[in-house]
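Some notes on the structure that comes next.
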Amino acid sequence: MLSGKVSVVTGASRGIGKAVALKLASLGSAVAVVYHGNSDKAEETVREITEKYSVKAISYKADVSSYEETKELARKIKEDFTRIDILVNNAGIVKDGLIAMMSEESFSSVIDTNLKGTFNMIRHTVPMMLRQKEGRIVNISSVSAIIGNPGQANYSASKAGIIGLTKSAAKELAAKNITVNAVAPGFIRTDMTENIGEDNPLVQMIPLKRFGKADEVADAVAFLATSSYITGEVLKVDGGIAM
């Protein structure tokens, strides 16, 4: 389905990003695995992709909050793969805290990585898609962008900004056959939630009474990445918590 395509996935060393990278590879896409911190985990993702699916995969270290680093990242990927067909903006951080006590740094760093990082990656990869007259962009937002979450003013704001960015970019780029959509995960079982048991009151708030799986988010991303007539949409993968 994606044979001959090249996908760029940020935050792909673990969790949702890794699941997305593996899913796209399983459909035949080559993958640029972008990470910021853990090179060993990124290389593990690359090995899994190449061994399981026999497609090209290369890891790249970059801070998506940096305009210059993402510009250089796009240049390197173009040099190694010659094209970019799919961009998945998954990289993100959390620095939770009540707004009355939140530091400026905690607010700014989350906005810079989550929201500005998404802009940076779109800004530097879209020129290639424009020349190709085709592209698929999927941004990872969150249900906290839709319903808010106490202690996450910075995170919720950054993820809500991604929804606005998605819709504006979708309108700008539709004429060039470039779709831009967002996926809004709810509570997903990853490293960050591994210590929360299924009996936690939080789980009882979810109509389906369980955490989601990273693979379920990856399935939604793949759906949007392979669709040619959906753009400007926000697909919730949240077990019904934001319905």
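Give the distance, in whole Å, between the Cα centre of the stretch 85-141 and the Cα centre of the stretch 165-224. Between the Cα centres of the stretch 85-141 and the stretch 165-224 lies a distance of 15 Å. Only one residue of ALA157, ILE122, HIS36 has its Cα farthest out toward the positive end of the dipole of the chain, where Lys and Arg carry +1 and Asp and Glu -1 on Cβ, and that residue is ILE122.
Which pairs in the list LYS52/LYS159; LYS95/LYS176; LYS95/LYS236 are over 31 Å apart, alpha-carbon to alpha-carbon? LYS52/LYS159; LYS95/LYS176, as the Cα separations exceed 31 Å there. Alpha-carbon geometry of the stretch 6-237: the Rg and the Dmax are 16.8, 51 Å, given in that order.
In whole percent, what relative contact order does the chain give with Cα contacts below 8 Å and a gap of six or more residues?
Computed value for the chain: 19 percent relative contact order.
Using the Karplus relation 6.51 cos²θ - 1.76 cosθ + 1.60 with θ = phi - 60°, the per-residue 3J(HN,Hα) values for the stretch 227-243 come to 8, 9, 10, 10, 8, x, 9, 10, 9, 7, 10, 9, x, x, 5, 10, 6 Hz, with x marking Gly and Pro. Please name whichever of ILE196, GLY212, LEU98 sits farthest to the positive end of the charge dipole of the stretch 6-237, dipole taken about the Cα centre and charges placed at Cβ: Lys and Arg +1, Asp and Glu -1. In the stretch 6-237, that residue is GLY212.
Treating only the Cβ atoms of Lys and Arg (+1) and Asp and Glu (-1) as charged, compute the dipole magnitude of the chain about its Cα centre; round to the nearest 20 debye.
Values: 29 positive and 27 negative charges, 173 e Å.
So the dipole magnitude of the chain works out to roughly 840 debye.
Note on LYS56: lysines with a C-alpha under 16 Å away, same-chain residues under 8 apart excluded, are LYS5, LYS18, LYS23, LYS76, LYS78. Distance between the modelled labels on GLU44 and ALA100, one decimal in nanometres: 4.1 nm (7 Å Cα→Cβ projection). Here the extension length gained between ALA242 and PHE223 equals 4.8 nm, from 0.36 nm per residue of separation less the Cα-Cα distance.
Only four residue types carry charge here, +1 at the Cβ of Lys and Arg and -1 at the Cβ of Asp and Glu. Report the dipole size of the stretch 142-243 about the Cα centre in Debye, rounded to the nearest 20. Write out the running numbers ahead of the final one.
On the way: 9 positive and 10 negative charges, 75 e Å.
In total the dipole reaches around 360 debye.
The chymotrypsin sites (Phe, Trp or Tyr not before Pro) of the stretch 158-243 that meet both conditions, a loop assignment by DSSP and at most 12 other Cβ atoms within 10 Å of the site Cβ, are TYR229.
Coordinate-derived values only; no laboratory data. What you see is a predicted model; the values in this text were computed from it and never measured. Using ideal geometry, Cβ is built from the backbone for each residue, glycine included, and neighbour counts are taken over all protein chains shown.
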